[in-house]
Amino acid sequence: MDFSRYLELLDRDAARLREAAVRDVGAAVPSCPGWTAADLLLHVGEVYLHKVEAMRRGAWPDPWPLAPEPADPAGYFDRALSELRAELTSRKPADPALTWYDADQTVGFWARRMALETVVHRVDAELAAGEPLAPIPGDLALDGIDEILVAFLAYAAARWPEEFGDGLAAAEGSTVSIHAGDHSWLVRPSAKGVEVTAGATTEADASVSGSPHDVLLWLWGRQGGATPSFSGAAEPVERLRALLKDATQ
């Protein structure tokens, strides 16, 4: 996906997120226990502003977070989105930018990451409002599956193994294949980390299959779409689900 596509989808999903969340800012967000729709708006706004400051300063903002604005969560979200959009469009995708992912230290990383952050939280807002989920475009969903498996799981497990407790060692020796449309990934956890191979055809102990939309939501622990189908042993899938929760909390 290119830079302009990420910006297009960021705009679209941010608008949908806001529209759903402001219907009832006191509504509980079932996928984020303890949060209301107002909390969701404030959280996403804070994430946007954090990335803006990181790009501007070339360093992580400190102190952080900013003081919350509970009296006007929608206004806070609007300001944050406007600043993020302005910051991204004032730079080129290949321009250097501080990120948490060593393999990609560019502005393009944040365009991708914020588009994917927004679509997941757009789903949260729709769930809070009790509305049908708008379909996640196939290109974005496939990109999101690759991101969560490669960056959030494999990279994070190697970079911050302590965040996974005993989960990596417990999952060692099991493999899970992820199938979304015509794309596939093989996930092989071990005590040393997680190996993710795109396009692998190796037989796995278990498999998860579904549309890109449904697989992405399952990987992020969101409900509301159709449940993917599962085959093979149950335990490897359960252990993968636990590792994903550690990777994304």
Picking from GLY75, GLY108, GLY45, the residue that is part of a helix (DSSP H, G or I) and farther than 27 Å from GLY221 by Cα would be GLY75
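Residue-by-condition table, conditions (1) buried (at least 21 other Cβ atoms within 10 Å of the Cβ); (2) within 26 Å of ALA129 (Cα to Cα); (3) within 17 Å of the chain's Cα centre (by Cα); (4) among the small types (Gly, Ala, Ser):
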{"position": "GLU163", "(1), (2), (3), (4)": "no, no, no, no"}
{"position": "GLY193", "(1), (2), (3), (4)": "no, no, no, yes"}
{"position": "THR197", "(1), (2), (3), (4)": "no, no, no, no"}
{"position": "GLY224", "(1), (2), (3), (4)": "no, yes, yes, yes"}
{"position": "ALA247", "(1), (2), (3), (4)": "yes, no, yes, yes"}
Conditions (1) over 23 Å from LEU7 (Cα atoms); (2) in contact with a strand residue (DSSP E or B) (Cβ under 9 Å, 6 or more places away or on another chain); number of the one not met by GLY58 | (1)
Just to be sure, is GLY138 surrounded by fewer than 22 Cβ atoms within 10 Å (Cβ to Cβ), under 16 Å from the mean Cα position of the chain (by Cα) and more than 18 Å from VAL215 (Cα to Cα)?
-> no
Sole exception among (1) at pLDDT 95 or above; (2) aliphatic (A, V, I, L, M); (3) within 24 Å of SER190 (Cα to Cα) for ALA171, by number = (1)
Could you please tell me which pairs satisfy a Cβ distance under 6 Å, a separation of 6+ or placement on different chains, a first residue in region 174-201 that is free of Cβ contacts under 8 Å to residues at least 60 places away in the same chain, and a second residue that is of a type in the set (A, V, I, L, M) and surrounded by fewer than 16 Cβ atoms within 10 Å (Cβ to Cβ)?
-> TRP185/ALA198; ALA191/ALA169; GLY193/ALA158
Is there a residue in region 192-201 that is closer than 26 Å to PHE3 by Cα and aliphatic (A, V, I, L, M)?
-> yes
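The values are calculated or read from the model by the stated rules, or taken from the named source; none is laboratory data. Just so it is clear, the structure is predicted and the values come from calculations on it, not from any experiment. Every residue, glycine among them, receives a Cβ derived from its backbone with ideal geometry; neighbour counts consider all protein chains shown.
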